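The block underneath contains the structure these notes are about, expressed in structure tokens.
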Amino acid sequence: MRIRSTGLTLFAGLSILVAACTSSTASTAPSGKASTAPSAAASTAASTAPSTAPSVKATSDLKIGVVTDVGAVNDKNFNQFSYAGAVNGAVSIGAKTPSVVVPKAPADYERLIQAYVTGGFNVIVGVGFNLANPIAKAAKANPNIWFIGVDHNPCINAKGDVDTTFKDCTGVIADLIPKYIALNYQEDQAGYLAGIVAASASKSGIIGAVGGVAICGPCVRYIQGYYMGAKSVNPAIQIKTAWVSASDFVKGFYDQAGGTTFGQQFIKQNTGIDVVFQVAGNTGNGVIDAGCAAKINVIGVDVDQYQSYAASQACILTSAEKHLSVSVSTSIQQIAAATAKGGLVFYDAKNDGIGVAPFYDAASKLPADIQTKIDAALAGMKDGSIKTCPPAPACGKTPAPDPIVAP
């Protein structure tokens, strides 16, 4: 039995196009003045994401630009699938293929966003929570441009300005910055499903999780959900966790070789561990490599890594998914149809915004009732009977608590 992935079909259709766009360097946006990007922030108010996008006449002159996070477009993960969503959205409305730029460092964020503003782009997509503050700032300053933030939840004050001190987060994005669509995902739900799979596959009763950076709230929620999902299957299971870095995002998310070394050490230090969940982007691909080399099972993150990272196929069980491509594409289609609304937009189990990827060849490693367990968990998430994260303020709290959740 296999679990269907909404993002899988999209990626299969777009992977060649994305690869073609990123085989050497990213396409170039007009130059802009350099400035320093502020640090990432936190949240308030919300709206609900629709499960489907409206149909739109396939002709559009919308000019779409994408600013990824540092690393690469074809990172086989967050940047790649978010950009694939932008491409799919453009194809759906008959717009030109989106431009994409990759910052070399966080200091590049504002300059690259401003370059798209200066270049007359109508839709600007910022990928990853590190771009939340600069995107929010640009959206406030340019009210006639649509901005889409992937994993964004900035602290906005009563005037609509970013508050990096978190003293005033009373501002509501939908009211104060109405053309800023801040996409959010319930990572703890996807992590919970991954935990069910891990505990069901484990023979030793010892599983693990490696996060990229301890100050990454979404990463914490993934692992908190993973913990709770595993405990729902086997209350006695042991969950070992570790963080690649306290605060270095390049080391935590964009260093595959370093991830391999870290994964090898993590596995060696935790005798008996037989499943590892990676929540560390491209660094996590190195953790996957270490797991496969040690002949233990692994679980991918954000996207279907069996498809996106072929080296994982020897040992991957599934992947905890955010349906990134779907959410970005949907937002672009809504903008084109003049039905888009700004504000925090949530993707979760209720609107098929999260899930786990198919099991493929790993199905034989899992019990016959695994699909039943997954289906029951999803139903519980939808009706609210299953909790997948500790009560506030512990859910997603950073730096990551130790242990990741209270026993």
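Worth a mention:
- Normalised Debye scattering of region 185-282 at q = 0.13 Å⁻¹ gives log10 I(q)/I(0) of -0.40, counting only Cα atoms as equal scatterers and leaving out solvent.
- Note that region 198-324 presents 32 Å² accessible area per residue, ligands and nucleic acids not counted, probe 1.4 Å.
- Descending Cα extents along the principal axes, region 262-306, whole Å: 28, 16, 14
- Only aspartates and glutamates eight or more places from Lys96 in sequence, or on another chain, were considered; those with a Cα closer than 13 Å are Asp61.
- The C-alpha atoms of the chain occupy a region whose extents along the principal axes are 57, 45, 41 Å, arranged from largest to smallest.
- Solvent-accessible area assigned to carbon and sulfur over the chain amounts to 54 percent, based on a 1.4 Å probe.
- Both the radius of gyration and Dmax for region 71-133 are 11.9, 33 Å, in that order, over alpha-carbon atoms.
- Using the Cβ-Cβ distance between Lys167 and Ala72 with R0 = 56 Å, the FRET efficiency computed as 1/(1 + (r/R0)^6) comes to roughly 0.95.
- Close lysine pairs were tallied over region 264-404: pairs 8 or more places apart or on different chains with Cα atoms under 21 Å apart number 16.
- Computed on the Cα trace of region 284-327, the radius of gyration divided by the Kirkwood hydrodynamic radius gives Rg/Rh = 1.00.
- With the largest listed first and rounded to whole Å, the semi-axes of the equivalent ellipsoid of region 138-209 from the Cα gyration tensor are 39, 14, 8.
- For the chain, share of DSSP beta bridges that run antiparallel, in % to the nearest 5: 10
- Taking every DSSP beta bridge that has both ends in region 100-186, the antiparallel portion is near 10%.
- GNM on the chain, alpha-carbon springs under 10 angstrom: the most fluctuating residue among Ile316, Ile135, Ile296 is Ile296.
- For the chain, with +1 on Lys and Arg beta carbons and -1 on Asp and Glu, the positive-most of Gln224, Gln114, Thr170 along the dipole: Gln114
- In terms of accessible area, using a 1.4 Å probe and ignoring ligands and nucleic acids, Lys96, Lys231 rank largest first as Lys96, Lys231.
The values are calculated or read from the model by the stated rules, or taken from the named source; none is laboratory data. Predicted model only: the values in this text are computed from it and were never measured. Cβ coordinates were reconstructed from backbone atoms using ideal geometry, including for glycine residues, and neighbour counts include every protein chain displayed. Only protein heavy atoms, including side chains, enter the accessible area calculation; ligands, DNA and RNA are left aside. Shrake-Rupley method; radii C 1.70, N 1.55, O 1.52, S 1.80 Å.
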